[in-house]
1. With respect to Val162, determine if the residue is at pLDDT 95 or above and touching a Cys at 6+ places or on another chain (Cβ under 6 Å).
2. Quick one: which residue in Ser70, Ser53, Ser45 is free of Cβ contacts under 8 Å to residues at least 24 places away in the same chain, in contact with a helix residue (DSSP H, G or I) (Cβ under 9 Å, 6 or more places away or on another chain) and open to solvent by 10 Å² or more (accessible area, probe 1.4 Å)?
3. Just to be sure, is Ala213 in a loop (DSSP other than H, G, I, E, B) and over 30 Å from Gln24 (Cα atoms)?
4. If the requirement is being farther than 12 Å from Ser187 by Cβ and touching a Pro at 6+ places or on another chain (Cβ under 7 Å), which of these qualifies: Val89, Val25?
5. When you go through Leu64, Leu39, Leu96, Leu109 one by one, which is the residue that is touching a residue at least 40 places away in the same chain (Cβ under 8 Å), open to solvent by 40 Å² or more (accessible area, probe 1.4 Å), outside any strand (DSSP E or B) and of a type in the set (A, V, I, L, M)?
6. Being open to solvent by less than 70 Å² (accessible area, probe 1.4 Å), in a loop (DSSP other than H, G, I, E, B) and touching a strand residue (DSSP E or B) at 6+ places or on another chain (Cβ under 7 Å) is the filter here; which residues of the range 117-132 pass it?
7. How many residues are assigned to a helix (DSSP H, G or I), open to solvent by 20 Å² or more (accessible area, probe 1.4 Å) and under 26 Å from Leu18 (Cα atoms) if we restrict to the range 162-197?
8. For residues that are crowded, with 17+ Cβ neighbours inside 10 Å and either within 12 Å of Leu109 (Cα to Cα) or of a type in the set (Asp, Glu) (or both), tally how many sit in the range 139-154.
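The values are calculated or read from the model by the stated rules, or taken from the named source; none is laboratory data. Quantities reported herein were computed from a predicted structural model and do not represent experimental measurements. Methodologically, a virtual Cβ is constructed for each residue, glycine included, from the backbone with ideal geometry; neighbour enumeration extends over all protein chains shown. Ligands, DNA and RNA are excluded from the accessible area calculation, which covers all protein heavy atoms including side chains. Shrake-Rupley method; radii C 1.70, N 1.55, O 1.52, S 1.80 Å.
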Amino acid sequence: MTVVNTGRRYDDQTHARLAADAAQVVARYPDARSALLPLLHLVQSEDGYVSPSGIAFCAETLGLTTAQVSAVATFYTQYKRRPNGEYTVGVCTNTLCAIMGGDAIWEDLTDRLGIGNDETTADGKITLERIECNAACDYAPVMMINWEFFDNQTTESAAEIVGKLIAGEPVAPTRGPDRVGTFKEVSRVLAGFPDGHANEGVGAGTPTLRGLALAREHGWTAPEFPTGTPDSGAAPVNAGDTTPAVGEPQSSTDRPAAGAAERSGEQEKKEHGTTSEKES
């Protein structure tokens, strides 16, 4: 495939450094083009966003067109197409977080920072995002900074954390590493290059582990299926392939319930009659 030459290219020193890193990434995949996602994180770690030079680099490295690379880069929200802040602050305003205070946190931060969703402060420190779900409902309301968790937030605690970021002070997430990395640093980690902060801090807190603790306390275990009992929605054990061949009368709506005997389309017709018979 012919790579479109946009004329945008990193300087020789930067290109050589990125090429060496890219070679490590590409080597992980049997098909080179599968490395596109981590390579986009790699160029984002260089520029702070997926720049035209980054697009051209990925295309050149993988033998793709810049249009193909751009199509992927514009699909995923973690890839930014304009300069991003040093810290991306994501406030969850989905249902549970919202009613627990997420909406109030969002409104307070937009007022304090003078920016809205996916906008960046003039000093380049903070990009603010409204997040639909941070997958941490047991800690609502939750805020994420460069994809690290800040649990059980209030308007006051969120404002204090963001204030420290603006002042250049380190902050530590509730769970995870002992400090939040910059957007560029975290992008490099997402590209597959360790930053030395793995296994730091708390991985799963008390609310997340509460169900497991109760189960162990009471000796609860998941029931096992008796021998020969099919799983929910499965065809009867030892029934073989019960999927109708293409063109057979039985449709997916005629499939038997779990554990029920397999029935052919003709059997269903005999028992229930055809549509025309019912109408007559």
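1. In short, no.
2. Just a single option satisfies the conditions, and that option is Ser70.
3. no
4. Just a single option satisfies the conditions, and that option is Val25.
5. Leu96
6. Asp118, Lys125
7. Here the count works out to 6.
8. Keep residues of the range 139-154 that are crowded, with 17+ Cβ neighbours inside 10 Å, which gives 139-153.
Within this subset, residues satisfying the condition of being either within 12 Å of Leu109 (Cα to Cα) or of a type in the set (Asp, Glu) (or both) are 143, 148, 151.
Number satisfying all stated conditions: 3.
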